[in-house]
Each structure stands twice: as structure tokens, then as C-alpha cells.
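Structure first, commentary second.
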Amino acid sequence: MPKTKICSKCGKELLVTEEYFYIRKDSKDGFRNDCKECYKKYYRRIGKKRYYEKNNKIKKERKYQNRKWLKHQYIDLNKTAREISKQCKCNENTIGIWLRKFKIITEKEGYICEMCGNPFIPHKKSVTTQKYCNRNCTRKHYYSTRRGSRSRKNSKLKREYGITIEEYDKIVRIQKKRCKICGSEVEILYIDHNHKTDEIRGLLCHNCNISLGLLKDNPMILYNCIKYLRREL
């Protein structure tokens, strides 16, 4: 015999299936007590907006939702958002949102950009984590680190020469950190390439690289330079 159930609102006896009842996992039989029709009528009548407003009223007010209490903790007691979040047993981003909402964050000084030294007001969720006033300062700091500088150099090498930073490091190791022309050991080696075919010829020091550029990569001019230095011209 198929199981039946009486709707708690309309009193009709209906089959306990998904056709007549909505699923509810926490109930004994796995379905709601009211049928689908009654459930729809109820939500049409009460409306979703009113339903959520009603539920919000039932919830207890949290400590951090009280402006006076939050201001006392943050400004008078000089606590950080992380310390307040531990006290309230919530996420520190939640405290940051309420500090911005009550405009308490603007009443406290001491937020100074680590890059440019200018005072600033943190963004919504970055009360404890934000160290820089804007994206430019954040980008400057990132590029000043070893990881950031390598990332920037890698993108430049890919864009201009079509090689990665790993391939560049391999050429440096082969040349033993020395210029391919003069053999001097320098910290920075520049890529020398053929401007017509884009073929990489090697790594040179700053002086040798500029010299080739000024002489227009012309072997005859270089040959005449050698003859001139030997006083053969």
C-alpha cells in the first residue's frame, strides 16, 4: 500500500510523493507537512521580502552591530579588527564591513601607506590587511620584490624577444655571466638580436650593445674601425 499523508493546512489526504509534497531532509519521512499547493499559496500571500524581514527580526543583534560598542573597542581601547573578531567569534572581514558601514574607520588615524608614506582610509574588507593606499603603490611594492621583478622581466622577454626568463638564465650560465664580445663580467647582460630576423645572437654588456647599435650592425663599418685603430687607413 502506498503511504499517504494529511496536509497540515488544507487537511487533504495525499500520497507521500514528490508530486504532492516538497522534500525536506530534516523531517521523518523526508517531505514537508504542507502540500505543494498550500506551500505556494502561503509564499504568495506573505511575500519573500516580508518573509526575510520577519526572519531578520528574530535574529539576535550581534555585538559588532552596535555602533557605540564597536567604536569603544576600535577607537577607545585601540583594538584591531582581528582582535575584535576573535572576541565576537566571527570573521575579521565582517568587522571591517561594519567599521566602514558605521564610518568609524574614518575617525581613527594611523593608516599610512608603506610605499609612498601618505595617510589613507582602508577599503571595505581590508581593514587589517591593506598596507598600501592604492593599486599603483601595491604594484610598485610587488615589482620591488624578487618574485615581482622576475615576473615583470619574464613578460618583457616574452613580448620583445619571444623567450622566457628560464631560457635567458640558461644563456647567462652558458656565457658564465660574461659579455660575448669583450668578456667582461657584469651584473646585467643585455640581449643582442638581429633586427631583421629577430634571431638572438647572444648577451652583451651595456657598452658593447650600444656600440653595435651605433654602428648599425654593419660589418664593414666595424672592419674600417679596426683598420683605423691600426692606422691602416
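Is it the case, given these coordinates, that LYS89 is at pLDDT 80 or above, surrounded by fewer than 15 Cβ atoms within 10 Å (Cβ to Cβ) and not polar (S, T, N, Q)? Walk me through how you get there before you give the answer.
Numbers: at pLDDT 80 or above: yes; surrounded by fewer than 15 Cβ atoms within 10 Å (Cβ to Cβ): yes; not polar (S, T, N, Q): yes.
Yes: the conditions hold for LYS89.
Which pairs turn up if I take residues in the stretch 155-179 that are on the phi > 0 side of the Ramachandran plot and look for partners that are among the β-branched types (Val, Ile, Thr) with beta carbon separation below 9 Å, at least 6 apart in sequence or on another chain?
What qualifies is GLY162/ILE200; LYS177/VAL186.
Is at least one residue of the stretch 183-191 under 30 Å from TYR132 (Cβ atoms), modelled with pLDDT under 90 and outside the structural domain of MET115 (by TED's automatic domain parsing)? Write out each step before concluding.
If we filter the stretch 183-191 for residues that are under 30 Å from TYR132 (Cβ atoms), which is where we start, we get 187-188.
Keeping just the survivors that are modelled with pLDDT under 90 gives 187-188.
Still in the list and also outside the structural domain of MET115 (by TED's automatic domain parsing): 187-188.
The answer is yes; a qualifying residue exists.
Can you pull out every residue in the stretch 182-219 that is crowded, with 16+ Cβ neighbours inside 10 Å, assigned to a loop (DSSP other than H, G, I, E, B) and in contact (Cβ under 8 Å) with a residue 24 or more places away in the chain?
Within the stretch 182-219, CYS205 is the sole residue that qualifies.
The values are calculated or read from the model by the stated rules, or taken from the named source; none is laboratory data. Everything quoted here is computed from the prediction, not taken from an experiment. Positions of Cβ are backbone-derived with ideal geometry, glycine not excepted, and every protein chain shown enters the neighbour counts.
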